[in-house]
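Heads up: the structure comes next, in structure tokens.
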Amino acid sequence: MNRLQDMPIRRKVTLIILLTSTTTLLLACAAFIHYELVASRQGMVRDLEVMADVLGQNSTAALQFDDRSAGDNILLALQAKPHVVAACLYTKDGERFAAYVVRGMRPSLPSQPGEAGYRFTSDRLVMFRPVRLDQKVIGTIYLQSDLNDLDDRLRSFARIAALVVLGSIGVAAAISFWMQRLVSQPILRLANTAQVIRENHDYSVRAEKQGRNEIGLLTDSFNQMLTQIQAQDSALRRGRDELEQRVHERTAELTAANSALQIEMAERLRAGEALRESEERFRSLLDGIHDYAIFRLDRDGRIASWNEGAQRIKGYAADEIIGQHFSRFYTAEDIRSGKPAQELNMAISQGRSEDEGWRMRKDGSCFWANTVITALRDAAGNVAGFSKITRDITERKRIEQMRLHFRALFESLPGLYLVLTPDLKIVAASDAYLKATMTQREAILDRGIFEAFPDNPDDPAADGVANLQASLKRVLQNGVTDTMPIQKYDVRRPDGVFEERFWSPVNSPAFGADRRIEYIIHRVEDVTEFVKQTSHGDGDEKALRARMEQMEAEIFQSSQQVKAANEKLQVANGELEAFCYSVSHDLRAPLRGLDGFSQALLEDYGDKLGDNGKNLLRRIRSGSQRMGQLIDDLLNLSRVSRSELHREPIDLTEIASEIVGGLRGLDPQRQVALRIATDMKANGDPQLLRVVLENLLGNAWKYTAKQTEATIEFGFDQNNGNSSFFIRDNGVGFDMQYADKLFTPFQRLHAMNEFPGTGVGLATVQRIISRHGGRVWVEAAVNKGATFHFTLS
């Protein structure tokens with residue numbers, strides 16, 4: 001403290017100015033850096049929340065249908081966000097569903113989802129966000145982001161602040177040097193004058209006037225005549241010095257504020273540019289979706305944006321529809337009932353509204369649409385507009401109508417039919433059966449057959465229920481049709497009285513794709529009159545002959561009805577064939593465009609896209625090509641089920657040898673030991689059985705690709721006089737607990753990146769073998785190969 005007091009006045013002045021300016025600058029820079037840190041962290045949290053919501057919306061279909069590969073593909077979109085180092089998608093039960101980790105990094109992923117929200121660690125921002133569908137939580141998404149951008153920004157601002165402080169210290173030093181001279185020089189002169197007076201004792205000496213300040217008061221002690229002038233000059237100098245000091249301080253503040261403002265403006269410009277780029281990418285993404293009409297509405301329901309899918313589905317170009325009210329897509333009846341406003345109100349109150357119904361195109365045609373309207377809210381929670389997604393599901397509606405048509409066709413068949421589930425519940429009945437049994441469809445559907453048709457309690461010898469139970473049990477155990485002898489099985493009339501009836505029943509199994517019995521077809525003929533006439537045949541031969549002629553006429557009439565029903569079925573099959581062709585054509589056209597445009601982008605702009613962009617385009621091409629293959633397989637599966645069967649003697653050995661020769665030609669480098677039994681003959685459709693062998697031998701060739709010594713064998717077995725064919729390999733095999741999925745379309749036991757395929761081939765095999773009256777089954781073990789057996793009637 002003494003050292004500070006003894007310091008010369010010129011140094012004190014310099015030190016005061018430097019300390020004041022430096023402290024002010026440091027506080028201003030610290031406040032600005034703190035503000036930037038808080039704003040940047042909040043911005044990161046908002047960006048991560050938006051990203052989590054977008055991923056969650058895109059993942060709802062994958063979570064609903066347990067499509068884990070789709071979940072992985074959705075998370076792969078995070079490759080475009082390098083600061084997101086890890087992500088994970090959980091089901092509503094907390095099970096990990098899909099995960100994404102940046103290559104080269106090994107961040108830890110939680111085994112269970114945590115509480116919704118976010119938190120900052122020393123080097124990470126982590127967030128849990130619920131995935132909602134129809135206001136219900138169906139899963140949780142977890143995102144982990146590094147803080148590299150935030151650290152870089154803070155270091156940049158720290159460097160700027162350091163430069164500003166150093167520059168300001170230099171300026172303040174120069175100003176303080178100049179100011180201390182103004183303050184200290186008059187005092188030194190006054191001191192020199194006082195020293196001269198003291199040394200010379202000459203009191204007539206007057207000090208030179210330096211200003212009207214405290215120094216002037218000291219000078220007035222030597223020269224009282226100048227006291228008032230010196231006092232005024234001191235006051236003026238003091239005011240001027242204060243004003244200059246304020247000007248300099250204000251200038252320094254404005255300079256610092258201007259620098260901060262310039263930095264903030266630059267950051268906002270960069271943020272705006274990034275936002276525009278993001279909007280352009282989002283717009284390109286929406287315009288690339290042609291199967292959905294996706295557009296935005298303002299608060300009043302007027303259209304504010306329009307994508308290519310909307311133009312394709314609804315027929316309006318963007319420039320002629322934007323600004324128009326969305327109610328023009330509704331029918332006149334819906335508009336009169338106020339349906340558009342009702343849907344907006346529901347979206348506001350419930351967050352979203354979903355509807356199916358007729359909608360109008362520009363040309364006046366109608367289509368059956370599925371629409372979803374979602375309310376968009378601002379940061380304050382107020383409704384800022386709506387998003388609307390429309391999908392044309394006219395073809396799906398048509399399929400539903402066809403199903404109803406086929407059901408009505410079945411119910412109108414002239415025969416007496418019941419359809420039973422394996423637990424013997426009635427699920428369908430023909431009108432003729434209802435008439436013959438004097439029942440109503442609503443009274444017997446979903447009831448057990450023996451609950452709906454019990455034995456006659458007044459007949460102690462009644463055994464109809466027991467005999468039918470035994471027959472149905474044989475069908476379920478053996479999987480073959482069971483024909484019963486004529487049964488006495490009385491029918492209860494509506495008044496409760498049982499009426500004597502005799503029936504000739506036949507029970508047939510209906511198999512599913514996995515060769516499990518899905519239904520039993522119970523067909524009967526009412527032979528009551530025939531039995532009664534036969535039992536009294538010796539009474540009136542003429543009446544019996546008349547009755548036989550009447551029965552022949554009834555049989556002829558039934559055959560005509562069956563013929564008409566078959567003609568209807570042929571017409572329906574023709575419509576189904578045309579529908580399949582239409583679906584194939586309509587699906588192939590956009591797929592070819594998608595594949596072609598992706599290839600054009602790779603060839604023309606590949607050098608501008610970067611590795612990530614090229615990879616995304618290759619994945620688009622791969623997906624479109626796989627979709628095309630899937631369409632082909634589905635059409636083949638449909639044709640197999642409907643094509644006419646032409647049986648003839650065929651040589652399976654010869655067909656298998658041709659198929660194996662083709663496989664060797666496609667992959668001549670592979671060494672595979674192939675054993676094909678000689679003289680394997682069969683009776684069947686040569687084209688369809690070639691499809692069976694192509695699929696089974698092709699699978700054996702594919703799933704032995706990773707074996708150094710691959711072996712494939714095609715032969716036949718004899719067991720208790722029954723012959724069956726088999727195709728055996730030593731490939732990767734599979735777990736037999738999943739065997740029931742093999743013959744179901746689209747069910748695969750291996751990932752696409754391991755073994756390609758669509759999951760339709762074995763379903764095709766099963767249907768062909770079933771049409772030949774045979775069955776197909778498999779024996780396998782993991783890494784021990786598989787053996788497929790099949791029989792032909």
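What is the ratio of the Cα radius of gyration of the range 94-176 to 2.2 N^0.38 Å, where N is its residue count, to two decimals? Each step should come with its number before you reach the end.
Numbers: Rg = 21.9 Å, N = 83, 2.2 N^0.38 = 11.8 Å.
Normalised by 2.2 N^0.38 Å, the Cα Rg of the range 94-176 equals 1.86.
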Length gained when the stretch residue 604-residue 39 is fully extended (0.36 nm per residue, less Cα-Cα span): 199.3 nm
Pairwise label distance in nanometres, residue 717 with residue 70, each label 7 Å out on the Cα-Cβ vector: 3.9
Residue 83 - accessible surface, heavy atoms, 1.4 Å probe, Å² rounded to 10: 50
Contour excess over end-to-end distance, with Cα ends at residue 431 and residue 261 and 0.36 nm allotted per residue: 52.8 nm
Taking the range 20-135 and dividing mean pair separation by its residue count, relative contact order in percent (alpha carbons under 8 Å, at least six apart): 22
FRET E, pair residue 169, residue 299, Förster distance 60 Å, beta-carbon r, rounded to 0.05: 0.65
Out-of-range pairs (alpha-carbon distance over 23 Å; input 425/473; 614/702; 136/425): 614/702; 136/425
Cα→Cβ-extended label distance, 7 Å offset, between residue 58 and residue 681, nm: 6.1
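May I ask you to derive the FRET efficiency for residue 362 and residue 47 from their Cβ-Cβ distance with R0 = 30 Å, giving the value to the nearest 0.05?
Working: r = 39 Å, r/R0 = 1.29.
Using R0 = 30 Å, I get an efficiency of 0.20.
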Under 5 Å, built H, 5+ apart or other chain: amide partners of residue 651: none
Positive-end extreme of charge dipole, the range 645-698 - chosen from 673, 688, 649 (charges on Cβ): 673
Point-to-point label distance, residue 355-residue 706, nm (Cα→Cβ direction, 7 Å offset): 5.3
Full-extension gain in nm, residue 446 to residue 291, via 0.36 nm per residue minus C-alpha separation: 51.9 nm
Accessible surface of residue 306 - all protein chains present, 1.4 Å probe, nearest 10 Å²: 20
Accessible surface, 1.4 Å probe, highest first, among residues 88, 366, 29: 366, 29, 88
Amide H contacts of residue 511 (H built 1.01 Å from N, under 5 Å, at least 5 apart or other chain): 518
Sites residue 493 and residue 461 - FRET efficiency at Förster radius 22 Å, r taken between beta-carbons, to 0.05: 0.60
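The values are calculated or read from the model by the stated rules, or taken from the named source; none is laboratory data. All of these numbers come straight from a predicted model, not from anything done at the bench. Using ideal geometry, Cβ is built from the backbone for each residue, glycine included, and neighbour counts are taken over all protein chains shown. These accessible areas exclude ligands, DNA and RNA; they are computed on the full protein's heavy atoms, side chains included. Shrake-Rupley method; radii C 1.70, N 1.55, O 1.52, S 1.80 Å.
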